[in-house]
DNA sequence: GCCATGCATCCGCATATGCGGATAGATAGC
DNA sequence: GCTATCTATCCGCATATGCGGATGCATGGC
């Protein structure tokens, strides 16, 4: 039963729910989440570490950058919950705002990269 | 997002997961859970209160006795999770032990009631 | 090689939360 | 009315956990 509780503890903070919701839209790195959630780097990094440790996310490193995404090979509980998460988020205004902020951020990020 | 986190926080303790798992088998009162989980009355009562507050359970009072059960009219998240909980518990040895302990307890309880 | 950047981890602090015993309130039997 | 029983809540204690700034490590550009 402790593993079920640990998995649920992984999503028991609003910040981590927002993060996992944003990762539903695609893999992201720490600075993406910093920009959208408007939080310090250590706060984001610690929560990402927690999500990974409790089975919700995976990461890959590419040079200095680390990209986080949903854990598609997670346990049965995580797979089932992640399958349903989009329905739970439907109509959620905070998520809609985060999604918009992410879209704006990614658009700016791409334009900055192009201008370099 | 905070409501999703609150719901997950409701099941983030092993004791509460064990309680909600036992309620899957039928409605129970505090003394049933005391007997099965072998924990003090105040511990059980506090966790039951938490589960109710976070939308997982309902209760009905009958004289001195209060009976707790799954909240069938809960929010979408709780309904979906409670639908899947039995599959997550499949093969869980701790739950199997709790279930056996409950069966023994209820058998004894019924026999005691009959002998009065 | 130096410096900038991205990220993980530590630190000290503050808040949240679980614990069991004790207590209080409600119910019911005598 | 008294006593027993069931349950909710409080108390003091201890542990868990989130916070942001600082620090350290790895990577990459120049």
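The numbers here are math on the coordinates, done by the rules we state, and not lab data. Being a predicted model, the structure only gives us computed values, none of them experimental. Note that we place each Cβ from the backbone using ideal geometry, even for glycine, and neighbour counts take in every protein chain shown.
Here are the numbers:
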item: Cα-based convex hull volume of segment A:1-62 per residue, rounded to whole Å³; result: 80 Å³
item: Helical contribution to [θ] at 222 nm, DSSP H n ≥ 4, -39,500 (n - 2.57), averaged over the protein assembly as shown, rounded to 500; result: -21000 deg cm²/dmol
item: Averaged over A:69-79, number of beta-carbon atoms from partner chains that fall within 10 Å; result: 1
item: Reduced Cα scattering model of chain B, Debye log10 I(q)/I(0), q = 0.11, 0.14, 0.17, 0.23 Å⁻¹; result: -0.36, -0.58, -0.84, -1.45
item: Whole-Å semi-axes of the ellipsoid equivalent to the protein assembly as shown (Cα gyration tensor, √5λ, descending); result: 42, 17, 13
item: Relative packing of B:33-44, B:89-100, which averages over residues the other C-beta atoms within 10 Å, highest first; result: B:33-44, B:89-100
item: Copies compared at residue A:103 - label distances in nm, ascending, label defined 7 Å from Cα in the Cβ direction; result: 5.5
item: Label 7 Å beyond Cα on the Cβ vector: residue B:90 copy-to-copy distances, nm; result: 2.6
item: Inter-chain shielding of B:7-16 (mean C-beta neighbours from other protein chains, 10 Å cut-off); result: 6
